[in-house]
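Readers should treat all values here as calculations from the given coordinates under stated rules, not as data from a laboratory. The model shown is predicted, which means the values in this text are computed figures rather than measured ones. Positions of Cβ are backbone-derived with ideal geometry, glycine not excepted, and every protein chain shown enters the neighbour counts.
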Amino acid sequence: MHRPSVMRLGTIIGLILALSGCSTFHLTQEPFQPKGKKLAVIAGMTNDSSLRIAKSFGDELGKTSMFQVLSQTQVAQAIPNYPQLVKGPYKSAYFEIDVDYAKTDVGRVKELQQHLGVDYVYVLWAPATVSHGNSSWFSKHYLVTQIVAQLFESPGGKEVGRGQYAVRVDDQTHQVLSEDVRRVALEMAEKTHTVK
């Protein structure tokens, strides 16, 4: 098997694991007790995928958790020229994301947190989208977007959680599949003890 085939196979296996119920969110500070309820979901990149997923994730987290999640309109009103690029926790994003959480620009995250006046900021980056499968009469063709995310607490911008997962995106409508985002939002709500 040559290198592109191995990389594609690795991506597909990783996707299957990500979509089959593997953990998508881990607390980095335990035990965790919420110190507030206001949360903003921020796209850490300026691409359409990051913005769509930030909106979709924020909507689902608002439904499944007790967090008071700011809408993307409120985020855009609070942050000048939103979305802005925030250096994220990854090295490359061709077919797979090489994650390194030490690379995140925490100073920039603190600055955004101050603009928003929230207790928590969930920053997500969607740097890689790959094609998965072919359309047929019995199955639909989806793009798969890989995401890396971190949850920061005010004051001080301390990281309290992180995640890595993939979501499916309709190839024609570019809509994020709500069940994929709902699963991730529910897991985060459960682990942060904020489930409705």
Taking the beta-carbon count within 10 Å as an exposure proxy, list D180, D119 from fewest neighbours to most. D119, D180
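Rank these for me by crowding, M45, M66, M188, going from fewest to most other beta carbons within 10 Å.
Least crowded to most crowded, the residues run M66, M45, M188.
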Once both label points are put 7 Å beyond Cα along the C-beta direction, the H193-Q33 separation in nm becomes 0.6
Rounded to whole Hz, the Karplus (6.51, -1.76, 1.60) HN-Hα couplings of region 173-189, x for glycine and proline: 8, 6, 7, 6, 5, 4, 5, 5, 6, 4, 4, 5, 5, 5, 4, 5, 4
At a Cα cut-off below 20 Å, give the lysines reachable from K196, other chains included and same-chain residues fewer than 8 away excluded. K35, K37, K38, K55, K63
So, with points 7 Å from each Cα along the Cβ direction, the S178-D48 label distance in nm works out to 2.1
Applying the Karplus parametrisation 6.51 cos²θ - 1.76 cosθ + 1.60 with θ = phi - 60° to the phi angles of region 63-75, what ³J(HN,Hα) value in whole Hz is obtained for each residue in order, glycine and proline being reported as x? 7, 9, 10, 8, 5, 8, 8, 5, 6, 5, 5, 5, 4
